[in-house]
Amino acid sequence: MKPLVLLDTPALYYRAFYSVPDSIVNADGHPVNAVRGVLDTVAQMVRRFDTDRVIATMDADWRPAFRTAVMPEYKAARVKDEEAGTEIPPELAVQLPIMKRVLTAAGIPIAEVAGTEADDVIATMAAQSRTPVVIVSPDRDLLALLDSSAEVSVLRPRKGGEWEALAQTDLPTAYGVPDGARYRELAALRGDPSDGLPGAPGIGEKTAATLLENFGSLESIVKAAKAGVKTGGLSPKRAATIIEVEESLYKTLEVMRCLTDVDHGIDLDTVPNSFDRDAVEGAAEGQNIRRSVDNLIGALESVSGTAGAASAQPAAPGRTATASPPPKSAESAESTARSGNAGSWPQSRLVGFDLETTGVEPATARIVTAAFVDAADQVRTWLADPGIEIPESARAVHGITTEFAQANGATATQVISELCAEFAALREEGAVIVGHNVVYDLSVMAAEVARHRPDIDFPSIIPTIVDTFVVDKHIDPYRKGKRTLIETAKTYRVELLDAHDAAADALAALDISRALAEKSTEISALSNDEIMAAQADWKRSQAAGLQAWLRQKGNAEAVVDGSWPMS
C-alpha cells in the first residue's frame, strides 16, 4: 500500500497566509492565499510520493484544556480575541470553509477531534498506520514522532522551494540526539516562546544537545545538576538554572507529548475517499483558485489513473492539454504563412494568448505561466520553473511562488519549445492570436527563445496578431483613464474575475477583441495582413504622440518605443 501523508494543515495554512500574496481575492473580495497555498502543497505531496492517501488534520481546539491545565501560559500570547479565544485572523478564517470544501470533494478526509490539536490526530494516526507515514509540517515539535521502526518521517518546507526530509536516522546529525524522545527533551530545554514554553534560560539547542549526549536524558541532567556535577557541559550556572526551572521543564515535556489514542473515526486502510471532480469544480466556483484546483485535479488523476470526465479541460500546470507539432523551418513557415487572408480577421480562428512573468522588462523577465484559449474555451496552459527567484513584486501580481514553480513547473526550455510549437501550428493554420499589450508578451517570448532555443527563428513563426491595447486606443483615443486589461475589460463589459491568471487574461483579451470588431466595422473588415500592417502604423503613431506629450511636460529626453508586434 502507498504511504500515508498526514498534513499538519493549520501550520500549512498559516504559513501560506503569511507568505503567499493576499492581493488575489475571490468574488466576495476575500483573499484566497491560504487556500491556494494548501491546495498547491497537497498537489505537490501527491506527486512527490505518488500517493492519493492524504489526510488533512485540523485543530479542533488549538489550546486544549488538558494542556492549559498543565501550563496556563501555553499559546496564551497568540490569543487575538479574548472572548472567542481565537488566534485566527478574520482574513484567514473566511478561507477555511473554502479549503475544506475543496479537499473534501477531492476525496481528502478532514480529521479533527474535539478537545485536541492536529498534532494529537497526527500522532494517533502515525501510531495506527500499517504503512509508512510522512508528516508534512513546518513545526519542529513533530520531529518527536520520528520512528524508524514504524517508518514515520517528517517533511518540512524550506526556503527556495526546497523540502527537508527527516527520518530518525537524521536526528543525530541534524540535532545531536538519537531519537524522538530525546528530541522532545531537547525542545523542552530549548523552549519555544511562541508557544509560551519558556525552556531553560541560557540553554540553547546546541547546549541542550550536548547535555543530553553526555547525561542521556533530561532526568539524568537534573540529577547531575542537583549532585553538583560540573563536567559534561554542566557548569555551576547552568546547573543552578536547571534546578530552578525543573518543574517547568517537566510540565513542558507533558504539554509537548502528543496523544496517541484520539478517536478520529477514519479507517486509514480506506483512504482516500471518492474523488468527485464535479464537486471540486463546484467548490472552486467564484473563488479565484482555478490554477490551484487544476493542479490538484491533475495530480490526483495522474496518481489514481483516472481521466477527467469533461473534454477540453484546462491542463495541469507544466503540461499541455494537447500535443503540438514541432516548429517548422522558416522556409516552410513562410510558404504557408497566414492562410485565409481573403477574409476579415474576425472570421479566422481567434486564440487568446497571455504570459505571467517574473518582471516588467521584456529583456530580463522570465516566463512563469502561459496560456492559449480559443473561441470554444479550449485551454492550454503551462507552468514553468523560470530558473530564477520569482520576486515578491511578481508574486504579488500572479500569486505564484518560487517554491511552487520549482516543485510543479516544467523546465523553461521545455515550455519555450512547446510554446514555439504552438505558435508555428497556429501560423500554419492561419489562426489569429489575440492579446492585450501583446508587444510585451511577444518581446518576452523572443528573449526567452534566444535564451533557451536560439535555433528557432521566432519572428518567422508568429501568426497574425491582434493587440487589443493598440486597437482600442485607435478606436477610442480620447477615453480617459487607464487602459490596463482590467479597465479595458470593464469598458467593454467583459468578465475578468481571475485577473493575472494567464488563462483568464487570455480569455478576456479574446472577448475584448470581439467587442472591438463589433464596435468598428472598418476594423473588422480588415484582412489578416491588413490588420497587422494597420496596428504597426497605429502603434508608431501612438508612441510618437505619447513621446511628444512627455517632452511637452518637461521630460526632454523621453523616448517611447513604437515597435510592434515586438520591441
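Checking each residue of the range 20-34 against the condition of being within 11 Å of the chain's Cα centre (by Cα) and assigned to a helix (DSSP H, G or I) gives at least one match.
Close contacts from the range 445-462, counting a first residue that is in the same structural domain as ARG427 (by TED's automatic domain parsing) and under 18 Å from GLY387 (Cβ atoms) and a second that is buried (at least 18 other Cβ atoms within 10 Å of the Cβ) and of a type in the set (Lys, Arg), with Cβ to Cβ under 9 Å and a gap of 6+ residues or different chains, come to ALA447/ARG366; GLU448/ARG366; ARG451/ARG366. Restricting the search to the range 264-287, which residues are in a helix (DSSP H, G or I), of a type in the set (A, V, I, L, M, F, W, C) and more than 20 Å from PRO97 (Cβ to Cβ)? Hit for the range 264-287 is LEU268, nothing else. Assessment of the range 253-263 against the conditions (modelled with pLDDT under 75, acidic (Asp, Glu), over 25 Å from GLY37 (Cα atoms) and not in a loop (DSSP other than H, G, I, E, B)) yields no matching residue. Filtering GLY180, GLY199, GLY204 for residues that are on the phi > 0 side of the Ramachandran plot and surrounded by fewer than 23 Cβ atoms within 10 Å (Cβ to Cβ) leaves a single hit, GLY199.
Per the listing GLN552, GLN535, the residue uniquely at pLDDT below 95 and polar (S, T, N, Q) is GLN552.
Residues that are outside any helix (DSSP H, G or I), more than 18 Å from TYR175 (Cβ to Cβ) and of a type outside the set (A, V, I, L, M) within the range 200-228 comprise PRO201, GLY202, GLY228, listed in sequence order. Is it the case that some residue within the range 486-507 is within 14 Å of VAL466 (Cβ to Cβ), in contact with a helix residue (DSSP H, G or I) (Cβ under 8 Å, 6 or more places away or on another chain), touching a residue at least 40 places away in the same chain (Cβ under 8 Å) and among the small types (Gly, Ala, Ser)? Checked the range 486-507: no residue is within 14 Å of VAL466 (Cβ to Cβ), in contact with a helix residue (DSSP H, G or I) (Cβ under 8 Å, 6 or more places away or on another chain), touching a residue at least 40 places away in the same chain (Cβ under 8 Å) and among the small types (Gly, Ala, Ser).
Each residue in the range 153-177 was checked for being part of a loop (DSSP other than H, G, I, E, B) and on the phi > 0 side of the Ramachandran plot, and 1 of them qualify. The range 403-510 holds helices (runs of 4 or more DSSP H) entirely within its bounds, and those carrying 1 or more residues that are within 30 Å of ARG156 (Cβ to Cβ) map to 412-429. Screening ILE390 with (1) modelled with pLDDT of 95 or more; (2) crowded, with 23+ Cβ neighbours inside 10 Å gives one miss only, at (1). Contact map, the range 214-232: first residue farther than 20 Å from TYR183 by Cβ, second residue among the acidic types (Asp, Glu) and surrounded by 13 or more Cβ atoms within 10 Å (Cβ to Cβ), Cβ cut-off under 9 Å, separation 6 or more or different chains; pairs are ALA225/GLU246; LYS226/GLU246.
The residues of the range 88-112 that are crowded, with 18+ Cβ neighbours inside 10 Å and either in contact with a helix residue (DSSP H, G or I) (Cβ under 6 Å, 6 or more places away or on another chain) or not in a loop (DSSP other than H, G, I, E, B) (or both), listed by number, are LEU92, GLN95, ILE98, MET99, LYS100, ARG101, VAL102, LEU103, ALA105, ALA106, ALA111. Quick check on the range 534-555. Is at least one of its residues assigned to a loop (DSSP other than H, G, I, E, B), among the hydrophobic types (A, V, I, L, M, F, W, C) and in contact with a helix residue (DSSP H, G or I) (Cβ under 6 Å, 6 or more places away or on another chain)? For the range 534-555, residues assigned to a loop (DSSP other than H, G, I, E, B), among the hydrophobic types (A, V, I, L, M, F, W, C) and in contact with a helix residue (DSSP H, G or I) (Cβ under 6 Å, 6 or more places away or on another chain): absent.
Here ARG238 fulfils each of the conditions (1) more than 29 Å from ARG184 (Cα to Cα); (2) outside any loop (DSSP other than H, G, I, E, B) apart from (1). Would you say ALA150 is surrounded by fewer than 20 Cβ atoms within 10 Å (Cβ to Cβ) and in a helix (DSSP H, G or I)? No. State which residue is nearest to ASP61 (Cα to Cα) when the search covers only the range 259-287 and only residues that are touching a residue at least 24 places away in the same chain (Cβ under 8 Å) and hydroxyl-bearing (Ser, Thr, Tyr). Filtering first and then ranking leaves THR260.
Evaluation of ASP119 against the conditions (1) modelled with pLDDT under 95; (2) out of contact with any Leu (no Cβ under 6 Å at 6 or more places or on another chain) shows that the sole unmet condition is (1). Within the range 494-544, being charged (D, E, K, R) and either buried (at least 16 other Cβ atoms within 10 Å of the Cβ) or within 36 Å of the chain's Cα centre (by Cα) (or both) holds for GLU495, ASP498, ASP501, ASP505, ASP511, ARG514, LYS539.
The values are calculated or read from the model by the stated rules, or taken from the named source; none is laboratory data. Note that the structure is a prediction, hence the values are computed from the model and not measured. Don't worry about glycine lacking a Cβ; one is built from the backbone with ideal geometry, like all the others, and counts go over all protein chains shown.
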